[in-house]
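Inspection log for the structure reproduced underneath, given as structure tokens.
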């Protein structure tokens, strides 16, 4: 068993523009098949539209409210909501509120910068 403490996870900026804390990742913690990170977007911020070639992602919103562009439409999200993002699906997130949007991101296979493809396109304005 491996224990990871959020306080020990140093935040960093990912390719999509969100601030991430890797809570559990094979490269650091020795687990094998998935990674778990906490992404934080400040109010009004939006990540870059991107996809992951191989990873399936689960997004679970823990704080704040916002929107997620998933494939071809905007979805409003709030604490307690969970989304599945299949490999190859264009997506981005936008914080919409007074506080930050905080999302737990589980990736299988584990997150890797090399699996992230930034897209030149931008999603249309949200409703």
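Throughout, read-outs are computed from the coordinates displayed, never taken from laboratory work. For clarity, every value in this text was computed on a predicted model and none was experimentally measured. Neighbour counts are summed over all protein chains in view; Cβ atoms, including those assigned to glycine, are modelled from backbone coordinates with ideal geometry.
Brief remarks on what is shown
- Scanning the stretch 13-30 for residues that are farther than 14 Å from residue 112 by Cβ and touching a strand residue (DSSP E or B) at 6+ places or on another chain (Cβ under 7 Å) gives 13, 18, 19, 21, 23, 24.
- Of residues in the stretch 57-87 being more than 11 Å from the chain's Cα centre (by Cα) and in contact (Cβ under 8 Å) with a residue 40 or more places away in the chain, the one surrounded by the fewest Cβ atoms within 10 Å (Cβ to Cβ): 62
- Some residue of the stretch 97-114 being without any contact (Cβ under 8 Å) to a residue 60 or more places away in the chain, surrounded by fewer than 20 Cβ atoms within 10 Å (Cβ to Cβ) and either touching a strand residue (DSSP E or B) at 6+ places or on another chain (Cβ under 6 Å) or more than 21 Å from residue 19 (Cβ to Cβ) (or both): no
- Condition check for residue 89: part of a loop (DSSP other than H, G, I, E, B), closer than 18 Å to residue 14 by Cβ and in contact with a strand residue (DSSP E or B) (Cβ under 8 Å, 6 or more places away or on another chain): yes
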